[in-house]
Amino acid sequence: AIQELKTEKPSIEMLLCVGGDNFFQICSHLFPEAYLVGVNSDTQTSSGALLYFNLENIPEILPCLVGGGNFTYEPWARVATTLNEKRVEDATCTASLSIKATDMMSRYLLERKEMGEKEGEKRETEEQKATGILIVSGAGAQKGAWYRNAGLYLPQVKSGLYPLVTEWFSPTHPELHTLTREPMGGEDCAYKWLNLRVRVGDELTLRYWSNDPSELSIDSINRYDVKEGDELRFRVSDKPLKVVSKMMTKPKWQ
């Protein structure tokens, strides 16, 4: 059914995403311009970190959605990514570069362009060797997320150079965070950019230098091969998601 939607996608103004977090992300890829209502279908087995409602709320929320439009929504920031100057779909939670063979290391050069810098100005760079890097929105920084779990090693790094820890930040905050996974050197790693903030107007460039192939994953849904010489760019998307977050107590027509 998902493959059919990709080829013959109808125009939808609002979508009830009844399932778990992963299904919500799939819906956000298929209908990124619709109002999305996340409904957790199984609170016993699904954490529902991205979902504001559950099945018990359906009788309450439907009157507010149908006809009246009596609801509020949040603009969730997303990760905009280009691969060799071609934009791929935005990530709702996580864009990741991962080495395909987990016993190998990727090698790449990071360059950060901060808001206000002009073309041609000298910018900071850092070469890193690691198993990969994560770039997340606030939705990808919720409790239990890959970013949070992978960041547990940061307190072990003796240099203390990392500028922030992998804590929660709001999905509506127009900012991205990064995390370098399993960096060369382990607890003795001296990299300054184990995790970064990428604000609106900033851009993070990654130039891949390793002979070993890696993979760009967008929300663990769509994947793209990354090889030596490829260039990736990450920034805050100019197209936030519209996630329904609250229903009004009375429909407008009453």
Exercise. Thr131 is checked against (1) open to solvent by 80 Å² or more (accessible area, probe 1.4 Å); (2) touching an Asp or Glu at 6+ places or on another chain (Cβ under 6 Å); (3) of a type outside the set (A, V, I, L, M, F, W, C) and fails just one. What number does that condition carry?
Worked result: (1)
Problem set entry | Flag if Arg107 is modelled with pLDDT of 85 or more and in contact with a strand residue (DSSP E or B) (Cβ under 8 Å, 6 or more places away or on another chain) | yes
Seminar exercise, completed: Listed by first then second residue, the pairs whose first member lies in region 207-226 and is touching a residue at least 40 places away in the same chain (Cβ under 8 Å), whose partner is of a type in the set (Phe, Trp, Tyr) and open to solvent by 70 Å² or more (accessible area, probe 1.4 Å), with beta carbons under 9 Å and at least 6 positions apart or on separate chains, are Ser220/Trp146
Problem set entry | Scan of region 195-206 for residues that are open to solvent by 10 Å² or more (accessible area, probe 1.4 Å), under 14 Å from Ser237 (Cα atoms) and part of a strand (DSSP E or B), ordered by number | Arg199, Glu203
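Okay, residues lined up against (1) touching a Phe, Trp or Tyr at 6+ places or on another chain (Cβ under 9 Å); (2) assigned to a loop (DSSP other than H, G, I, E, B); (3) modelled with pLDDT of 85 or more:
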{"residue": "Gln44", "(1), (2), (3)": "no, yes, no"}
{"residue": "Ser47", "(1), (2), (3)": "no, yes, no"}
{"residue": "Leu50", "(1), (2), (3)": "yes, yes, yes"}
{"residue": "Cys64", "(1), (2), (3)": "yes, no, no"}
{"residue": "Gly68", "(1), (2), (3)": "yes, yes, no"}
{"residue": "Tyr73", "(1), (2), (3)": "yes, no, yes"}
{"residue": "Thr82", "(1), (2), (3)": "yes, no, yes"}
{"residue": "Ser96", "(1), (2), (3)": "yes, no, yes"}
For this session: Tell me, please, whether a residue that is within 19 Å of the chain's Cα centre (by Cα), of a type in the set (D, E, K, R) and surrounded by fewer than 20 Cβ atoms within 10 Å (Cβ to Cβ) can be found in region 207-219.
Result: yes
Exercise. Out of region 74-87, which residues are crowded, with 17+ Cβ neighbours inside 10 Å and either among the aromatic types (Phe, Trp, Tyr) or free of Cβ contacts under 8 Å to residues at least 12 places away in the same chain (or both)?
Worked result: Trp76
For this session: Sort out which residues of region 147-192 are assigned to a loop (DSSP other than H, G, I, E, B) and among the hydroxyl-bearing types (Ser, Thr, Tyr), and write them in order of number.
Result: Ser159, Tyr162, Thr166, Ser170, Thr172, Tyr191
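Please verify whether Arg233 is in a strand (DSSP E or B) and over 17 Å from Arg112 (Cβ atoms), treating the condition exactly as stated.
Details: in a strand (DSSP E or B): yes; over 17 Å from Arg112 (Cβ atoms): no.
When the stated conditions are applied, Arg233 does not pass them.
The values are calculated or read from the model by the stated rules, or taken from the named source; none is laboratory data. Bear in mind that the values here come from a model prediction, so they are computed numbers and not experimental data. Using ideal geometry, Cβ is built from the backbone for each residue, glycine included, and neighbour counts are taken over all protein chains shown. Note: areas computed on protein heavy atoms with side chains; ligands, DNA, RNA excluded. Shrake-Rupley method; radii C 1.70, N 1.55, O 1.52, S 1.80 Å.
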